Amino acid sequence: MTTQILFAGFGGQGILFAGKFLAYKGLMEEKQLSWLPSYGPEMRGGTANCSVIISDEPVGSPIVSEPDVLVAMNLPSLDKYEDAVVPGGMILVDSTLIERKVKRDDVKVFYIPATRLAGELGTPTLANMIITGKLIRECDAISYDHLEDALHKVVSARRANLFDANLNAINCGYQYE
Amino acid sequence: MAEKVLMKGNEAIAEAAIRAGCRHYFGYPITPQTELAAYMAKRMPKIGGVFLQAESEVAAINMVYGVASTGKRVMTSSSSPGVSLKQEGISYIAGSDLPALIVNVQRGGPGLGGIQPSQSDYYQATKGGGHGDYHLIVLTPASVQEMADLTSLAFDLADKYRMPSMLLADGTMGQMMEPVILPEEHVNRIDKPWAVTGTQMQRKHNIINSLYLVPEELERTNFERYERYAQIEKEEVRYESYMMDDAEYCLVAFGIAARVSKNAVVALRAKGVKAGLIRPITVWPFPKAPIAEAAKHVKAFVSVELSMGQMIDDIRLAQNCEKPVVLCNRAGGMIPDPAQIIAAVEALKGGND
Amino acid sequence: MAIVFEKPKSLTDAELHYCPGCTHGIIHRLVADAIDTLGVEGRTIGVAPVGCAVMAYNYFACDMVEAAHGRAPAVATGLKRSLPENIIFTYQGDGDLASIGMAETVHAATRNENITVIFVNNAIYGMTGGQMAPTSLPGQVTQTSPYGRDVATAGYPVKISELLAALDGPEFIARVAVNNVKNVRNAKKTIEKAFRNQMEGKGFSLVEVVSSCPTNWGMTPDQALAWIDEKMIPYYPLGVYKDKSAEEATK
């Protein structure tokens, strides 16, 4: 089984960080995986994105062009990638920042007001982790296991105080209905 | 067994180089290889090594030349425009028969080009690059694991054959993270009696030099060097063959293009099309024999490249144009997707049937 | 019979290829004398340039590396960073050091790289047959300034010692000449100091040696030595331009 995930949003929304967290989670679960960031002008042009592939088999191309899961954290990202999602796939939308609905009817869609919830938690920069929490909940290929271990890998020791905030955000998304 | 860690390709090169005993790194900032220099800047001072940000790529490669003259393992890294600047120094290093590692994390060109991944420095890497008759051993990683493993190998081969080696990667390989098992610490201690370390008044002075004003002498050094190259072509070719046993269509691709091509092979096989892949791991020496062997049973080759078609020449030559070779490419920082490769093979199939 | 004069041990027996009357021979000898005096031949590595001194690697008895044009300070940086206990020197001409290698020169100096640089300024490209150098004087006739160096189009000569002395980095910058006995004696002392500085870990020490090129200046050796006094030294005044340790000691 192979799950191709595309995180997309503005630079600064923690797109790469959320992807890295899932990549580490895959590593802890002894899965095959790859993580590939966009770099360069695209970051300035509006969308930053990050391809994460988690698989039971060796990963071929690390570029996700037809995602099983799309995390859209701004409108340009949804506009750009909505049509690329495979039929039967999943789209997670930050509904605080994206007002429109997903047009596709052959994919599962989850609207999470991640940016608003992050603000309410007092950690406005962690919308990325809230939406990731929801992804973990809804995506069969990704379990809740090893979550804290993976988080320890991406939250550097220097910023250990942010660990609880991140965990809190993930759980908030995980429990969001 | 060693622990699997998650690393960016650029960082894996740096750590593998350190574990291969490299304690001297010289570079100049350029995207998309900056993580490599940053890693070295952080680590080298802690292990008694040298990280130096040179005033230019030109200076950096000449600092490499200096350290290589002393017989120690040394490297530099850059991306396409910066590697062009290093060509003079690389020619001197080759002409002085010195081992050193040059890493090129390629980006689109020509000129300032772009910063997205590319393979358009293939000619430069495999056909010499600078002035004069010479080659580099050129290794092309297709995973973060290979970024590490081939770095070790590149140092060993450079020492063994007394010549510069190059890791020819691209922006994707540099930027992506994958699990990697880092190579064990090792130093391939080959005796280097030619190195300049001071005579200690024990021997005649050593001279590191590429100047031979007597043409007969210069010719002799060239012939001797090419004898070594012939040995390398015989003994150091590396490639991966994927689903080639019964293949009718042979994709040839390296680096990121090979990763995408593998997906295409799987998809084509699922459709009943007998596709296979030859992935050169060394592009100099080029895996001529497996290509020639494949030509006996395939209907055609597809050269999948992130360039306007450079490796395609070597595929044609390797099999004396016996079977047609078509190009499936993107350029300027774009990457072909599996669908494009599948379409290219299906178009060939249509032509054949 | 007592030996009163002999060739320095740090020079090989190879016959120098320099033109009659050229002062490279003197400067080679002064460098070799310094290495002998300090007793460091066994741990010295020299870097030869591209230019007239390109084959210096055959003349110095220590280990030698031949660098690409202008890159000697970068090569020396690599050597020194690899072998900090060794004595590393470069021997460069004006085209090599002050034109094509300007960036390497300035940056090795500003890093205070602990090396010794011998800079031979003879105001011309000798090996290629007498073209205008970065240090050719205003009005000087060369193959590529046949009507005399026109500062309006070719710019002014580069005064390396003054330029480098303006940097915070380097330890020692001095200009000497080798056109008479007094100047040669001073040059010998200065070159020795530039090597001693390195042994003491003080850092980048450059000695600019105002030199002659009778062949390409179109003069006899005597005329050339006189021309140094008349034309070169007024434009390139001799002296110590920077001596960081001495300056700090007097503070």
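The values are calculated or read from the model by the stated rules, or taken from the named source; none is laboratory data. Computed from a predicted model, the values in this text were never measured in an experiment. Neighbour counts run over all protein chains shown; Cβ positions are idealised from the backbone, glycine included.
Scanning segment B:302-353 for residues that are small (G, A, S), closer than 17 Å to B:D170 by Cβ and away from chain A (no Cβ under 14 Å), we see that the one that is nearest to the chain's Cα centre (by Cα) is B:S307.
Each residue in segment B:262-294 was checked for being under 21 Å from B:E346 (Cβ atoms) and more than 14 Å from chain A (Cβ to nearest Cβ), and 7 of them qualify.
Can you work out which of the residues in segment A:91-115 that are assigned to a strand (DSSP E or B) and not hydroxyl-bearing (S, T, Y) is surrounded by the fewest Cβ atoms within 10 Å (Cβ to Cβ)?
At the first step, the residues of segment A:91-115 found to be assigned to a strand (DSSP E or B) are A:91-94, A:108-112.
Imposing the further condition that a residue be not hydroxyl-bearing (S, T, Y) reduces the set to A:91-94, A:108-110, A:112.
Working: A:I91: 21, A:L92: 26, A:V93: 27, A:D94: 27, A:K108: 15, A:V109: 17, A:F110: 18, A:I112: 22.
Step by step, filter segment A:91-115, then rank; the result is A:K108.
Being among the aliphatic types (A, V, I, L, M), within 26 Å of B:G82 (Cβ to Cβ) and assigned to a helix (DSSP H, G or I) holds for only one residue in B:A230, B:A257, B:A169, and it is B:A257. Entry remark, segment A:131-155: residues being exposed (fewer than 15 other Cβ atoms within 10 Å of the Cβ) and either of a type in the set (S, T, Y) or farther than 15 Å from A:E29 by Cα (or both) number 2 in total.
Scoring C:A2 on the criteria (1) surrounded by fewer than 22 Cβ atoms within 10 Å (Cβ to Cβ); (2) in contact with a Lys or Arg (Cβ under 9 Å, 6 or more places away or on another chain) leaves a single failure, condition (2).
Residues to consider are B:H186, B:H205; find the one that is farther than 18 Å from B:P280 by Cβ, at pLDDT 95 or above and either assigned to a loop (DSSP other than H, G, I, E, B) or under 18 Å from the mean Cα position of the chain (by Cα) (or both). Steps first, answer last, please.
Numbers: B:H186 fails: at pLDDT 95 or above.
Result of the check over B:H186, B:H205: B:H205.
Scanning segment B:185-232 for residues that are small (G, A, S) and in contact with a strand residue (DSSP E or B) (Cβ under 9 Å, 6 or more places away or on another chain) yields B:A195, B:G198, B:S210. Scanning segment B:175-205 for residues that are among the basic types (K, R), touching a Pro at 6+ places or on another chain (Cβ under 9 Å) and more than 10 Å from chain C (Cβ to nearest Cβ) yields a total of 1. The condition (being touching a Lys or Arg at 6+ places or on another chain (Cβ under 8 Å), of a type in the set (S, T, Y) and buried (at least 24 other Cβ atoms within 10 Å of the Cβ)) is satisfied by just one residue among B:S165, B:S118: B:S118.
Name, by its number, the condition in (1) surrounded by 24 or more Cβ atoms within 10 Å (Cβ to Cβ); (2) polar (S, T, N, Q); (3) assigned to a helix (DSSP H, G or I); (4) more than 14 Å from chain C (Cβ to nearest Cβ) that does not hold for B:Q124. The number of the failed condition is (1). Restricted to segment C:53-66, and to residues there that are more than 7 Å from chain B (Cβ to nearest Cβ) and touching a residue at least 40 places away in the same chain (Cβ under 8 Å), the residue that is surrounded by the fewest Cβ atoms within 10 Å (Cβ to Cβ) is C:N58. Within segment C:218-243, the residues that satisfy the criterion of being over 30 Å from C:K202 (Cα atoms) and outside any helix (DSSP H, G or I) are C:G218, C:M219, C:T220.
Which residues, counting only those in segment C:50-66, are small (G, A, S) and not in a loop (DSSP other than H, G, I, E, B)? C:A53, C:A56 - these are the residues of segment C:50-66 that are small (G, A, S) and not in a loop (DSSP other than H, G, I, E, B). The residue that is nearest to the chain's Cα centre (by Cα), among those in segment C:17-52 that are away from chain B (no Cβ under 12 Å) and among the polar types (S, T, N, Q), is C:T23. For segment B:64-90, residues that are closer than 24 Å to B:G113 by Cα and among the hydroxyl-bearing types (S, T, Y) total 6. Counting only strands (runs of 3 or more DSSP E) that fall entirely inside segment A:1-86 and contain at least 3 residues that are crowded, with 18+ Cβ neighbours inside 10 Å and facing another protein chain (nearest Cβ under 9 Å), the qualifying elements are A:32-37. Of B:K323, B:K262, all but one fail to be outside any helix (DSSP H, G or I) and within 23 Å of B:D246 (Cα to Cα); the exception is B:K323. Whether any residue in segment C:169-183 is under 28 Å from C:I45 (Cα atoms) and among the polar types (S, T, N, Q) is what I want to check. Yes, because at least one residue in segment C:169-183 is under 28 Å from C:I45 (Cα atoms) and among the polar types (S, T, N, Q). Residues of segment C:228-242 that are more than 17 Å from C:V158 (Cβ to Cβ) and crowded, with 20+ Cβ neighbours inside 10 Å: C:I228 alone. When segment B:298-334 is filtered for residues that are among the hydrophobic types (A, V, I, L, M, F, W, C) and crowded, with 22+ Cβ neighbours inside 10 Å, the ones remaining, listed by number, are B:V298, B:F301, B:V302, B:V304, B:L306, B:M311, B:I312, B:I315, B:A318, B:V325, B:C328.
Restricted to segment C:102-123, and to residues there that are more than 17 Å from C:L79 (Cα to Cα) and of a type outside the set (A, V, I, L, M), the residue that is surrounded by the fewest Cβ atoms within 10 Å (Cβ to Cβ) is C:T110.
One residue is enough: does segment A:116-133 have a residue meeting the conditions part of a loop (DSSP other than H, G, I, E, B), touching a strand residue (DSSP E or B) at 6+ places or on another chain (Cβ under 8 Å) and touching a residue at least 40 places away in the same chain (Cβ under 8 Å)? So that I can check it myself, show each step before the final result.
Pass one, segment A:116-133, residues part of a loop (DSSP other than H, G, I, E, B): A:122-123.
Cutting the leftovers down to touching a strand residue (DSSP E or B) at 6+ places or on another chain (Cβ under 8 Å) gives us none.
No, because not a single residue in segment A:116-133 is part of a loop (DSSP other than H, G, I, E, B), touching a strand residue (DSSP E or B) at 6+ places or on another chain (Cβ under 8 Å) and touching a residue at least 40 places away in the same chain (Cβ under 8 Å).
Only one of the numbered conditions (1) closer than 23 Å to B:I335 by Cα; (2) buried (at least 21 other Cβ atoms within 10 Å of the Cβ) is violated by B:V266, and that is (2).
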